[in-house]
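Structure record follows, encoded as structure tokens.
The values are calculated or read from the model by the stated rules, or taken from the named source; none is laboratory data. All figures in this text were calculated on a predicted structure; none of them were measured in a lab. Ideal geometry is used to build each Cβ from the backbone, glycine not excepted, and the neighbour counts take in all protein chains shown. What goes into the accessible areas is simple: the full protein's heavy atoms, side chains included, and nothing from ligands, DNA or RNA. Shrake-Rupley method; radii C 1.70, N 1.55, O 1.52, S 1.80 Å.
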Amino acid sequence: MSAQTYKKKYEISPSGDLPDKMTIYQDCMNTFNESPVNAKRCRLLISRLLRLLANGDTFPQNEATALFFSISKLFQHQSDSLRQSVYLAIKELSGISEDVLMATSSIMKDVQNGSDLIKPNALRSLTYVLDESTAFSAERLLKSAVVSKNPSISSAALCTSYNLLPISDVTIKRFANETQEAIVDLKQFVLLDEASEFYPTSTFTTQYHALGLIYQLKRNDKMALLKLVNQFSSGNALKNQFAMVQLVKIVDDLIHRDTQLISNFETLLTSWLDSKYESVQLETAKLITSFATHHSHLVGNRLFSNAVSTLQTMLSTPRVTSRFAALRVLNRISMVSPEKIVVCNPELESLINDSNRNVSTYAITTLLKTGTAKNISSLISTITKFFHEVSDDFKIIIIDAVRTLSLNFPQEWKPILDFLTDVLKNSEGGFNYKNSIVEAIIEIVSFIPQAKELAMEQLCDFIEDCEFNEILVRVLHLLGKEGPHTSTPSLYVRHIYNRVVLENSIIRSAAVVALSKFALIKNNTPLAESVVGLLKRISDDEDDEVRDRATISLKFIDSAKKNPVGEELLHSKYTYDLSSLEKKLTSYMSSNSDAFKTPFDVTSIPKYTEDEVKAMELKKKQQSFNSSTEELGTKFTDEAEETGKRLDSATYHGANLDEHSKDLQSTKYIDELLSIEQFKEFGSLINSSKTFPLTETEAEFVVNGVKHLFKEHVVLQFNITNTLTDVALDNVAVVCSSEDQESSELKELFTIPVDRLLPSEESACYVAFKKPEGVVMESFLNNLTFTTRELNPDTKLPFDDDEGFQDEYEIDPLVLNAGDYIKSSFVGDFSASFDELPNENVAVYNVQESMSLQEVIDKLIVNTSCLALENTQYAQNETNQHTLKLFGKSALNGTKIALIVKIVKSKKGIALKAQGRGEDATLSSDLVNGLM
Amino acid sequence: MGNFFSSMFDRLWGVNKELRILILGLDGAGKTTILYRLQIGEVVTTKPTIGFNVETLTYKNLKLNVWDLGGQTSIRPYWRCYYADTAAVIFVVDSTDKDRMGTASKELHLMLQEEELQDAALLVFANKQDQPGALSASEVSKELNLVELKDRSWSIVASSAIKGEGISEGLDWLIDVIKDEQL
Ligand SMILES: Nc1nc2c(ncn2[C@@H]2O[C@H](COP(=O)(O)OP(=O)(O)O)[C@@H](O)[C@H]2O)c(=O)[nH]1
Ligand SMILES: [Mg+2]
């Protein structure tokens, strides 16, 4: 018998290659619509489809919808494993397909009658099909699944409820009791046969899910959260480590709402530092140390050092993730209070050679922060040894740390600059890497006067051989800006001109602009003349742009001899506020009604001088050190409210983003203010304060205030948020009365009220005053007045027949002080500038309140609007004294003002001695006498 | 013996073949109630169907795949996604809902125009006959303009899903027609 057999391969290519997208689509459409359903083949095709989507491929909406409908037909087949695949497919398609609600009834049937295997899948997919109008119909199903004895089912129901919160919180809020029960109930898997005794009986993840949900349900109720912590922190109530971490985060939330609570939790936190789970230890250490950055006086020394020693121990654990996590926390501490973690230096040093590069890099950057003036050079030589082994990304992190070092220890600039120069010239790397080095050097040029010329020379060397246009252009700009004021301008002219000869047109154009700035040098006529000669030569360049720039520069130079405008154009003393310039330009372009006959009005855009820009940059850097130490723990409490978004998407963002959004917000306030007709006649805005909270953040009406100064007017802006859910406020105004009516120099002109404030809306009310020219200081008592009107739940508008009733609400006072007339400003050499200034004033204060040194410092910086220099914005720990150096300029007339404040803390309180000098005698005395 | 005959039968009627049957009609007509009356023989409590229910049942040795589609206005546009390969349509009318007879008629005729349903047989249940004031089967037939239907086997049967009356009569008729025409 001849035996010849052939078995058809079941279409699975062994290499795991995927057929192309169209084939998969066609196969799916054909197979899913077959009757009867071939379950095995359908599963295979779904897995292909899922792989395709997982690879990042996608389908246009109509095809995705067609796929969804054909997959929905597979509900006719009862195979559990096919059903599980169907659920995975629905989940993936829900994002790109329309009409997924058509699966709702079938899913709910599985939730009710399906096997335990598919119930969790069915429950989880409810998240994707339900919307506001259908969510309630799943209420009973979800509720009974939450209390299921089966941990997978209960967890799935809890997760779905959590995800449905933004869609229908009314429904989910009814699950509070069941959710609470799910934490208490220690659910176990049912063991089906003997073999399964090797599996864990439960991970108790349900506890984590339940705690996560209950926190969302009760987050507005402080007492309930306290009760929760009490209930579940005692004994052995929580078995799951993630649940325990969640509990730590709840405590974090609570102490941020009410800082005094920290003392109640001290014992608990200490015990958590000894938890058998590293994750709990870590989260607790994170909480304690980050809380301490802002409230150091509230955190006992013992607790803090316990936290640090927990972290320290973790540095030598075998698990690399734990080492890394502990390092990260230490690194954050190192940015604000490096002296507090010096004890960890031996462990940190041994991690420099850790086989994991992430760990070693973090160790080094942390050491750079804990470093003292004494060991900077030895640290830098350590880095140099291994620097070339790490990837670009880590190099950038290290460069960043070195850069911070240069700001903190300006007197140690030499080894730092040497290091930067060395790596700039002798290492390979991409744009981001090189750019970060150049940035660090530019920072040295801008902020460390004694290092300036040497640093610039290094940059000159570098651009002789630099392949990145962007970097070259930046450096050329810097040379043009700073070069004319140095001792050897001709050096820079030579380097710049080399670029004109050797480079492409982009760089040549930048070089022309830089060169032209040397033409106005006052004390070196031959140089100025030869620059003009060079520019004339360049006006024959083959490139249009280069030629144009040379020609126009020559014109400006020519006119500058007679007319200061030319000089201003060549070497501008101001830069505009870029974000408001951009906004105004966009609206100018889009609202063009007369073919641009009306010229663009630039006067309403804030302008900054060089020093102001530097001051803002430095301030931003100081703040970003600070805010990067804040933990996500503090954020997840107050920002998840945004509707429509998944809750988890709101829990994480970077700190810098936050800074940026604050900036944007203040620009927004200014734009809104200036767009109001009544304020147009006040002229241009001189200064705007930062935003001050005037109520608790948990109040029914949250109010914050901004002070705006004009030459002869003051405008107080009150931003009011209505946090009530069922009441609208009509005719909302703020009544401001001067604390000292008799002697008030301000005359109230008018108030612009808010017509109607619906729930969760924010709007601004303005109060305008006439003020004499010059500095006027005043303290305002404020009362919010409004008419409350109940809302019709159907229309979300007030009932027509409800007249509402008048009410008022007292908010905190707002003080107009000398600081409001000051803008922060930068000087390279504070002591010299201080000594030069006239009009010294001295005042002494005693602060009775219990405040930490840091809080006093922060308050002084805010009240004076000055810039803290020489890194004096941080209190050194373990000392009771501090000297704060502040510098600023009058917003009214630009005169300089400098302040040295000595702060001494004793048992009796805090004593301040302020010594101020300024070109404007009254401002100087007003500032010194109105500090606190 | 019985076994022998039934397997003969299976071969004759092709036991692998599953018949697709759609239950359509306005919301609240009793579609879901009829589906489960057929499947488990009991009256279940229903909620408005968001989407569809599908059940497989064996009736007189035939495997039926019965699809009960939601009848709300928002869901009717999706009926057409499920028309392909349909052997028969069961259209359920709430005989007490006189106000919406016009709407029911419109939806019915609109549906029957679809290319994919040209070969499908039609069974109409004039449901809720147990209720006082229910229109009779012939009155419902008139309201729905059934006589206009040509080139299609159709029948209207008075039914009460709650009491279980008329359902199997209707289905028997339907199965006979399908066997005659399609198998
Ligand atoms: N009195 C009566 N009520 C019925 C009958 N059939 C269904 N119902 C009720 O009508 C309502 C809607 O039924 P349902 O099957 O959900 O309708 P569907 O929207 O077409 O699926 C339910 O309250 C049923 O109990 C019937 O024959 N007689
Ligand atoms: Mg129904």
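Those residues that are crowded, with 17+ Cβ neighbours inside 10 Å and within 16 Å of ligand 1 (Cβ to nearest atom), I need them from segment B:165-183; list them, please.
B:166, B:167, B:170, B:171
Exactly one condition in (1) in contact with a strand residue (DSSP E or B) (Cβ under 6 Å, 6 or more places away or on another chain); (2) open to solvent by 60 Å² or more (accessible area, probe 1.4 Å); (3) in a loop (DSSP other than H, G, I, E, B) is false for residue A:846; which is it?
(3)
Which condition does residue B:81 not pass, out of (1) within 16 Å of ligand 1 (Cβ to nearest atom); (2) part of a helix (DSSP H, G or I); (3) in contact with a helix residue (DSSP H, G or I) (Cβ under 7 Å, 6 or more places away or on another chain), if it passes all the others?
Evaluating residue B:81 over (1) within 16 Å of ligand 1 (Cβ to nearest atom); (2) part of a helix (DSSP H, G or I); (3) in contact with a helix residue (DSSP H, G or I) (Cβ under 7 Å, 6 or more places away or on another chain) leaves (1) as the failure.
Just to be sure, is residue A:71 within 23 Å of residue B:70 (Cβ to Cβ), in a helix (DSSP H, G or I), within 14 Å of chain B (Cβ to nearest Cβ) and touching a Ser or Thr at 6+ places or on another chain (Cβ under 6 Å)?
no
Give me a count of the residues in segment A:313-350 that are part of a helix (DSSP H, G or I) and touching a Phe, Trp or Tyr at 6+ places or on another chain (Cβ under 8 Å).
The qualifying residues number 7.
Could you list all residues from segment A:306-331 that are surrounded by 15 or more Cβ atoms within 10 Å (Cβ to Cβ) and among the small types (Gly, Ala, Ser)?
Residues satisfying the conditions are A:307, A:322, A:325, A:326.
Among A:864, A:879, which is within 20 Å of residue A:293 (Cα to Cα) and of a type in the set (Ser, Thr, Tyr)?
The unique qualifying residue is A:879.
Quick check: anything in segment A:129-151 more than 16 Å from ligand 2 (Cβ to nearest atom) and on the phi > 0 side of the Ramachandran plot?
So far as segment A:129-151 goes, no, none of its residues is more than 16 Å from ligand 2 (Cβ to nearest atom) and on the phi > 0 side of the Ramachandran plot.
Cβ-Cβ under 9 Å, sequence separation 6+ or interchain: first residue in segment B:26-42 and at positive phi and open to solvent by less than 30 Å² (accessible area, probe 1.4 Å), partner of a type in the set (Ser, Thr, Tyr) and more than 8 Å from ligand 2 (Cβ to nearest atom). Which pairs?
Here the result reads B:30/B:159; B:30/B:160, each pair linking segment B:26-42 to a residue that is of a type in the set (Ser, Thr, Tyr) and more than 8 Å from ligand 2 (Cβ to nearest atom).
Restricting attention to segment A:112-131, does a residue exist that is in contact with a Ser or Thr (Cβ under 8 Å, 6 or more places away or on another chain), within 30 Å of residue B:78 (Cβ to Cβ) and within 16 Å of ligand 1 (Cβ to nearest atom)?
Looking for residues that are in contact with a Ser or Thr (Cβ under 8 Å, 6 or more places away or on another chain), within 30 Å of residue B:78 (Cβ to Cβ) and within 16 Å of ligand 1 (Cβ to nearest atom), one finds none in segment A:112-131, hence no.
For segment A:60-110, which positions are more than 21 Å from residue B:79 (Cα to Cα) and among the small types (Gly, Ala, Ser)?
A:79, A:81, A:85, A:89, A:95
Here's a check for you: in segment A:876-932, which residue that is within 19 Å of residue A:297 (Cβ to Cβ) and among the hydrophobic types (A, V, I, L, M, F, W, C) is most open to solvent (accessible area, probe 1.4 Å)?
Among them, the one singled out is A:932.
Check whether at least one residue in segment B:72-95 is at pLDDT below 95, of a type in the set (Val, Ile, Thr) and open to solvent by 20 Å² or more (accessible area, probe 1.4 Å), and report yes or no.
yes
Checking residue B:134 against (1) closer than 14 Å to residue B:86 by Cα; (2) open to solvent by less than 30 Å² (accessible area, probe 1.4 Å); (3) part of a loop (DSSP other than H, G, I, E, B): exactly one of these is not met. Which one?
Condition not satisfied by residue B:134: (1).
If you scan segment B:46-65, which residues turn out to be open to solvent by 10 Å² or more (accessible area, probe 1.4 Å), on the phi < 0 side of the Ramachandran plot, more than 15 Å from ligand 1 (Cβ to nearest atom) and in contact with a Ser or Thr (Cβ under 8 Å, 6 or more places away or on another chain)?
B:63
What is the one condition in (1) open to solvent by 40 Å² or more (accessible area, probe 1.4 Å); (2) within 14 Å of chain A (Cβ to nearest Cβ); (3) of a type outside the set (A, V, I, L, M); (4) within 16 Å of ligand 1 (Cβ to nearest atom) that residue B:68 does not satisfy?
It fails just one condition, (1).
Take the residues of segment A:593-609 that are over 28 Å from the mean Cα position of the chain (by Cα) and open to solvent by 70 Å² or more (accessible area, probe 1.4 Å): which is nearest to residue A:825 (Cα to Cα)?
Residues of segment A:593-609 that are over 28 Å from the mean Cα position of the chain (by Cα), as a first pass: A:593-604.
After this cut, where a residue has to be open to solvent by 70 Å² or more (accessible area, probe 1.4 Å) as well, the list is A:593, A:595-599, A:601, A:603.
On the way: A:593: 40, A:595: 41, A:596: 37, A:597: 38, A:598: 35, A:599: 32, A:601: 27, A:603: 22 Å.
Filtering segment A:593-609 for residues that are over 28 Å from the mean Cα position of the chain (by Cα) and open to solvent by 70 Å² or more (accessible area, probe 1.4 Å), the one nearest to residue A:825 (Cα to Cα) comes out as A:603.
Please go through segment B:170-183 and pick out each residue that is more than 19 Å from residue B:25 (Cα to Cα) and either in a helix (DSSP H, G or I) or small (Gly, Ala, Ser) (or both).
Matches in segment B:170-183: B:172, B:173, B:175, B:176, B:177, B:178, B:179, B:180, B:181, B:182.
Counting only residues that are more than 14 Å from chain A (Cβ to nearest Cβ) and outside any helix (DSSP H, G or I), which one in segment B:5-41 is modelled with the lowest pLDDT?
Looking at residues that are more than 14 Å from chain A (Cβ to nearest Cβ) and outside any helix (DSSP H, G or I), I get B:41.
Inspect all residues belonging to segment A:532-541 and state whether any of them is free of Cβ contacts under 8 Å to residues at least 40 places away in the same chain, surrounded by 14 or more Cβ atoms within 10 Å (Cβ to Cβ) and within 44 Å of the chain's Cα centre (by Cα).
no
Is one or more of the residues making up segment B:101-124 within 16 Å of ligand 1 (Cβ to nearest atom), touching a Gly at 6+ places or on another chain (Cβ under 6 Å) and either within 11 Å of another protein chain (Cβ to nearest Cβ) or hydrophobic (A, V, I, L, M, F, W, C) (or both)?
Going residue by residue through segment B:101-124, those that are within 16 Å of ligand 1 (Cβ to nearest atom) are B:101, B:103-104, B:107-108, B:111, B:123-124.
Filter again for touching a Gly at 6+ places or on another chain (Cβ under 6 Å), leaving B:123.
In the following step, the residues that additionally are either within 11 Å of another protein chain (Cβ to nearest Cβ) or hydrophobic (A, V, I, L, M, F, W, C) (or both) were identified as B:123.
Looking for residues that are within 16 Å of ligand 1 (Cβ to nearest atom), touching a Gly at 6+ places or on another chain (Cβ under 6 Å) and either within 11 Å of another protein chain (Cβ to nearest Cβ) or hydrophobic (A, V, I, L, M, F, W, C) (or both), one finds at least one in segment B:101-124, hence yes.
State whether one or more residues within segment B:77-87 are away from every other protein chain (no Cβ under 11 Å) and either within 24 Å of residue B:137 (Cβ to Cβ) or more than 14 Å from the chain's Cα centre (by Cα) (or both).
Looking for residues that are away from every other protein chain (no Cβ under 11 Å) and either within 24 Å of residue B:137 (Cβ to Cβ) or more than 14 Å from the chain's Cα centre (by Cα) (or both), one finds none in segment B:77-87, hence no.
List the pairs whose first member sits in segment A:128-144 and is in contact (Cβ under 8 Å) with a residue 12 or more places away in the chain and more than 9 Å from chain B (Cβ to nearest Cβ), whose second member is surrounded by fewer than 16 Cβ atoms within 10 Å (Cβ to Cβ) and hydrophobic (A, V, I, L, M, F, W, C), and whose Cβ atoms are under 9 Å apart, counting only residues at least 6 apart or on separate chains?
A:135/A:170; A:136/A:170
Does segment A:751-771 include one or more residues that are over 24 Å from residue A:672 (Cβ atoms), part of a strand (DSSP E or B) and polar (S, T, N, Q)?
Scanning segment A:751-771 turns up no residue that is over 24 Å from residue A:672 (Cβ atoms), part of a strand (DSSP E or B) and polar (S, T, N, Q).
Can you tell me which residue is nearest to the other protein chains (Cβ to nearest Cβ) among those in segment A:36-62 that are open to solvent by less than 50 Å² (accessible area, probe 1.4 Å) and under 39 Å from the mean Cα position of the chain (by Cα)?
Restricting to residues being open to solvent by less than 50 Å² (accessible area, probe 1.4 Å) and under 39 Å from the mean Cα position of the chain (by Cα), the top hit is A:59.
Restricting to segment A:493-519, name every residue that is crowded, with 16+ Cβ neighbours inside 10 Å and over 42 Å from the mean Cα position of the chain (by Cα).
Going through segment A:493-519, the residues crowded, with 16+ Cβ neighbours inside 10 Å turn out to be A:493, A:495-497, A:499-500, A:503, A:507-519.
Hit for segment A:493-519 is A:519, nothing else.
Hey, among B:90, B:162, which residue is within 16 Å of ligand 1 (Cβ to nearest atom), of a type outside the set (Phe, Trp, Tyr), out of contact with any Asp or Glu (no Cβ under 8 Å at 6 or more places or on another chain) and not in a helix (DSSP H, G or I)?
B:90
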